[in-house]
Amino acid sequence: MRRLRDAALALLVRAQTLTVVGYMGVISLIGVEALVVVLGFTTVLPIAIPFVLIAVAAAWFLRERLKAAWHALRSGRERA
């Protein structure tokens, strides 16, 4: 029984650590003010928070990719 409890506790600690790291990543990605707005959304629909954060992260990464593609396109056009 002790081993099962220790394994469950270790799993819980890992899950909480992953959650904290995820929130820290989101804070660095969207900023503290935007995170406050997202967390304020928890009273309305708490289950949607991970999906909202994933959507925000995906939009940010897509924006970065589009900017890189745009700059590559413009620099190629200027050389021609």
Here the qualifying pairs (Cβ atoms under 6 Å; residues six or more apart or on different chains; first in segment 50-69 and on the phi < 0 side of the Ramachandran plot and at pLDDT below 80; second surrounded by 12 or more Cβ atoms within 10 Å (Cβ to Cβ) and not in a helix (DSSP H, G or I)) come out as none
Taking the condition of being closer than 16 Å to THR19 by Cβ and surrounded by 11 or more Cβ atoms within 10 Å (Cβ to Cβ), how many residues in segment 30-47 meet it?
4
All but one of (1) touching a helix residue (DSSP H, G or I) at 6+ places or on another chain (Cβ under 8 Å); (2) at pLDDT 75 or above; (3) of a type outside the set (A, V, I, L, M, F, W, C) hold for THR42; state the number of the condition that does not hold.
(2)
Meets criteria (at pLDDT below 85, loosely packed, with under 10 Cβ neighbours inside 10 Å and not basic (Lys, Arg)) for GLY25:
no
Determine if segment 67-76 includes at least one residue that is part of a helix (DSSP H, G or I) and under 12 Å from the mean Cα position of the chain (by Cα).
no
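The values are calculated or read from the model by the stated rules, or taken from the named source; none is laboratory data. Here the structure is a predicted model, which means the values were calculated and not measured. Quick reminder, even Gly has a Cβ in these numbers, built from the backbone with ideal geometry, and neighbours come from all protein chains shown.
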